[in-house]
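Asks: Attaching a single structure in structure tokens format; questions to follow.
The values are calculated or read from the model by the stated rules, or taken from the named source; none is laboratory data. If you're wondering where the values come from, they're calculated on a predicted model, not measured in any experiment. So basically every Cβ, Gly included, is an ideal-geometry build from the backbone, and we count neighbours across all protein chains shown.
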Amino acid sequence: MAPVGKEHLLTAAQMAKFCVDGYLMFDDLIPTELNDAVYAEQQAGNGYWDKGTAIRQVFELPQVKGILQSLVGKHPVYDHSALHIVPPKHFEGQIWHADSIIDARPFAFDIQAMYFSHDVPKETGPTLILPGSHLRRTSNLSIGRYKNIVGQKQLIGKGGTIAFLHQALWHCAQPNQTDKTRYMFKLRLRAGEEQRGLFNTDGYDNPEVKRVFNTHHAWMGEESRAENVMRAKLWRYVLGDDSVDVAFEGVLTRMHI
């Protein structure tokens, strides 16, 4: 993947939000004409990575490449892709799960880009995610026993919306109550280099960035401080600076970590 200019990279505030929430979502990121072309290929059964042409153009756009470069570097490794289809009047949703969580890496992560070529209002069953769950490691389907969780969020958006998920983020497909087929293209990429300092690190120590790490996800309950420490460690990793401490009360520094 050819490198892009700094103006297309994620900002420090955006990367901080990724560390906290485990995903970033961008609305209307792709031009309408290209969305229409992808949607037409999907309807014709050619909307796959190895069959379509329009879908590859989506991931060649500088605004998309800049996000990917910020997360997995200039030479990411293709893992897999899939076209997820929810047919009309399909009233059964998936169970909560996380994809391929058997991972020995302490901080590195794969990225799963979820792209919607058409509008995905609530009725179409856009993917449901649990923000902040990416650091609560689990074994794939072991969380399937849960139902609704406070703070869960559907990826509702316009055509051209892409969400970039940490591979460990909990998610599941939702029922499609409409008369139209719902399509979601997923591309998973693995980093081809160490994921340190890949984004635009300007202003990494601004108060705005530090405030992001005070975000509280209600579903964590009393364990939110433990999660805060995990976020702070992830931030050190992606920033490429093991002296930075955004944990509550400077706990990493106090414990000489």
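Asks: If you check K233, K210, which single one turns out to be in contact (Cβ under 8 Å) with a residue 24 or more places away in the chain, of a type in the set (K, R) and closer than 30 Å to H75 by Cβ?
Replies: The conditions single out K233.
Asks: Right, something else. Mind listing just one residue for me: the one in region 61-106 that is small (G, A, S) and at pLDDT 95 or above and, of those, nearest to the chain's Cα centre (by Cα)?
Replies: Within region 61-106, the match that is nearest to the chain's Cα centre (by Cα) is S70.
Asks: Taking the conditions exactly as written (surrounded by fewer than 17 Cβ atoms within 10 Å (Cβ to Cβ), under 16 Å from the mean Cα position of the chain (by Cα) and more than 18 Å from N200 (Cα to Cα)), does D110 satisfy them or not?
Replies: no
Asks: Name the pairs: first residue in region 109-131 and in contact (Cβ under 8 Å) with a residue 40 or more places away in the chain and closer than 22 Å to L198 by Cα, second residue outside any helix (DSSP H, G or I) and among the hydroxyl-bearing types (S, T, Y), Cβ to Cβ under 8 Å, at least 6 apart or on different chains?
Replies: From residues that are in contact (Cβ under 8 Å) with a residue 40 or more places away in the chain and closer than 22 Å to L198 by Cα, the pairs are D110/S100; M114/T127.
Asks: Just for region 162-196: of the residues that are under 12 Å from M114 (Cα atoms) and not in a strand (DSSP E or B), which one is farthest from the chain's Cα centre (by Cα)?
Replies: The residue in question is A173.
Asks: Does region 53-68 hold any residues that are touching a Leu at 6+ places or on another chain (Cβ under 9 Å) and part of a loop (DSSP other than H, G, I, E, B), and which are they?
Replies: Of everything in region 53-68, those that are touching a Leu at 6+ places or on another chain (Cβ under 9 Å) and part of a loop (DSSP other than H, G, I, E, B) turn out to be F59, L61.
Asks: Within region 140-149, is there a residue that is modelled with pLDDT of 95 or more and under 19 Å from M230 (Cβ atoms)?
Replies: Yes, the conditions are met somewhere in region 140-149.
Asks: If I go through region 216-243 residue by residue, how many of them are surrounded by 17 or more Cβ atoms within 10 Å (Cβ to Cβ) and assigned to a loop (DSSP other than H, G, I, E, B)?
Replies: Count: 1.
Asks: So in region 1-49, with the set limited to residues that are among the β-branched types (V, I, T), in a helix (DSSP H, G or I) and over 22 Å from H80 (Cα atoms), which one is farthest from the chain's Cα centre (by Cα)? Even if it seems obvious, please write down each step before you answer.
Replies: We begin by selecting, within region 1-49, every residue among the β-branched types (V, I, T); these are 4, 11, 20, 30, 32, 38.
Imposing the further condition that a residue be in a helix (DSSP H, G or I) reduces the set to 20, 32, 38.
From what's left, over 22 Å from H80 (Cα atoms): 20, 32.
On the way: V20: 11, T32: 22 Å.
Taking the candidates together, the pick is T32.
Asks: Tell me, yes or no, whether region 184-197 has at least one residue that is without any contact (Cβ under 8 Å) to a residue 60 or more places away in the chain and out of contact with any Cys (no Cβ under 8 Å at 6 or more places or on another chain).
Replies: Yes: one or more hits.
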